[in-house]
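Data block below; observations after.
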Amino acid sequence: MSVLVLGGAGYIGSHAVYQLIDQGENVVVIDSLETGHKQAVHPNATFYEGDIRNIDFLRGVFQKESIASVVHFAANSLVGESMEDPLKYFDNNVYGTQVLLRVMVEHDVKSIVFSSTAATYGEPEAVPITETMPTNPANAYGETKLTMEKLMKWTEQAHGIKYVSLRYFNVAGARETGEIGEDHRPETHLVPIILQAALGQRSHITIFGEDYDTADGTCVRDYVHVEDLIQAHLLALDYLNGGGKSDIFNLGSNQGFSVKEMIDTARQVTGKEIPVMPGDRRAGDPSVLIASSEKAKNILGWQPARTSITKIMEDAWHWHVARPNGYVEGADNK
Ligand code: UDP
């Protein structure tokens with residue numbers, strides 16, 4: 001039997017595939033390669049290139065492979081783009097998940113671990129954020145992920161497919177071996193942008209707003225190491241296979257760091273100056289997002305081990321130095 005990883009060529013999905021294979025699982029990967037990279041797919045995984053909205057393609061994979069459970073990362077995930085083109089997000093993310101659940105029902109596959117987001121909460125009424133707080137997404141991306149959670153809820157009621165939805169806070173870092181890491185094109189995320197500036201690939205980093213109601217005026221986020229984050233997915237699979245009930249868990253580190261603190265950490269880790277420029281606020285950015293991950297610790301037994309921001313930055317830097325052009329040699333990686 002195999003675990004099917006949808007989006008296994010992407011940043012977070014590729015780390016899941018590596019850890020599943022480390023654990024001795026047979027892994028089948030589906031990725032459209034729209035944003036993923038073929039080189040990020042573990043050489044021992046069985047890889048199918050295709051779009052999950054194509055039901056005939058998806059049925060073909062489920063017919064050929066013997067799938068025990070699904071881990072679903074395949075989605076568009078850029079907040080800014082989701083505001084400019086929300087229909088693209090609803091089509092790929094929501095409709096894609098609808099097709100996936102249809103094929104899971106047809107093939108009697110009964111468990112799914114789902115990649116969700118803190119963006120389902122919107123501007124929080126208090127921090128740290130717990131899973132019982134209201135969900136009011138402030139951007140279309142978050143709305144699609146919340147809708148995908150609801151698709152799973154109703155599909156469970158009708159067809160008994162159990163799900164665990166993991167709401168990520170800010171994921172960063174890379175596998176310690178440096179084989180895989182973060183490579184988005186264009187890059188929009190804070191940590192890789194800071195490190196591209198440290199490498200001299202960008203002249204500076206623009207700080208999106210210095211007038212927030214925080215200690216230094218810049219946005220505060222909760223950063224979680226990608227390898228710790230993936231550990232929670234493996235635990236969630238065990239939990240579902242052991243008869244656990246469908247549920248939703250936050251994954252973060254319960255600590256907040258400002259944009260300026262992240263830049264200072266990167267200066268210490270890299271020894272580089274990293275020029276900064278002040279900029280306007282980015283639409284849809286809440287001022288402070290910090291997770292309570294107590295529920296994941298208590299119920300899944302999650303024990304994140306790489307919680308220092310220095311460790312996260314060091315592993316990300318290791319990847320950037322090893323592969324300054326990411327997966328695509330000679331390409332412009334901005
Ligand atoms: N940010 C920034 N400059 C950049 C990219 C990001 O100041 O070039 C800020 C952004 O406003 C947010 C934080 O860094 O407060 C993290 O942004 P990122 O896009 O990495 O993740 P998000 O919080 O959107 O999931």
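The values are calculated or read from the model by the stated rules, or taken from the named source; none is laboratory data. No experiment lies behind these values; they were computed from the predicted model shown. Note: ideal-geometry Cβ built from the backbone for every residue, glycine included; neighbour counts use all protein chains shown. Quick note on the areas: whole protein, heavy atoms, side chains included, nothing else; ligands and nucleic acids left out. Shrake-Rupley method; radii C 1.70, N 1.55, O 1.52, S 1.80 Å.
Across the stretch 301-321, the number of residues qualifying as open to solvent by 60 Å² or more (accessible area, probe 1.4 Å), aliphatic (A, V, I, L, M) and assigned to a helix (DSSP H, G or I) comes to 1.
All told, LEU229 meets the bar of being within 14 Å of the ligand (Cβ to nearest atom), touching a strand residue (DSSP E or B) at 6+ places or on another chain (Cβ under 8 Å) and at pLDDT 95 or above. Name the residue, out of SER253, SER246, that is more than 15 Å from VAL127 (Cα to Cα), of a type in the set (Ser, Thr, Tyr) and more than 10 Å from the ligand (Cβ to nearest atom). Matching residue, one of SER253, SER246: SER246. Identify the residue in the stretch 277-290 that is within 26 Å of the chain's Cα centre (by Cα) and hydrophobic (A, V, I, L, M, F, W, C) and, among all such residues, is modelled with the highest pLDDT. Going through the qualifying residues, I end up with ILE290. Which pairs have Cβ atoms under 9 Å, sit 6 or more apart or on different chains, and link a residue in the stretch 193-220 that is in contact (Cβ under 8 Å) with a residue 60 or more places away in the chain and over 24 Å from GLU314 (Cβ atoms) to one that is open to solvent by 50 Å² or more (accessible area, probe 1.4 Å) and within 7 Å of the ligand (Cβ to nearest atom)? Here the result reads PHE208/ARG282; GLY209/ARG282, each pair linking the stretch 193-220 to a residue that is open to solvent by 50 Å² or more (accessible area, probe 1.4 Å) and within 7 Å of the ligand (Cβ to nearest atom).
To keep it simple, each residue is scored yes or no on (1) more than 15 Å from GLY7 (Cβ to Cβ); (2) of a type in the set (Phe, Trp, Tyr).
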site	(1), (2)
ASN76	no, no
VAL79	yes, no
MET83	yes, no
PHE90	yes, yes
ASN93	no, no
GLY96	no, no
VAL103	yes, no
ILE112	no, no
SER116	no, no
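The condition (being under 25 Å from LYS162 (Cβ atoms) and open to solvent by less than 10 Å² (accessible area, probe 1.4 Å)) is satisfied by just one residue among GLY13, GLY24, GLY60: GLY13. Taking the criterion of being within 11 Å of the ligand (Cβ to nearest atom) and either over 22 Å from ARG282 (Cα atoms) or not in a loop (DSSP other than H, G, I, E, B) (or both), the residues of the stretch 69-81 that qualify are VAL79, GLY80. Against the test of being in contact with a Cys (Cβ under 9 Å, 6 or more places away or on another chain) and crowded, with 16+ Cβ neighbours inside 10 Å, the options ASP247, ASP285 yield a single qualifying residue, ASP285.
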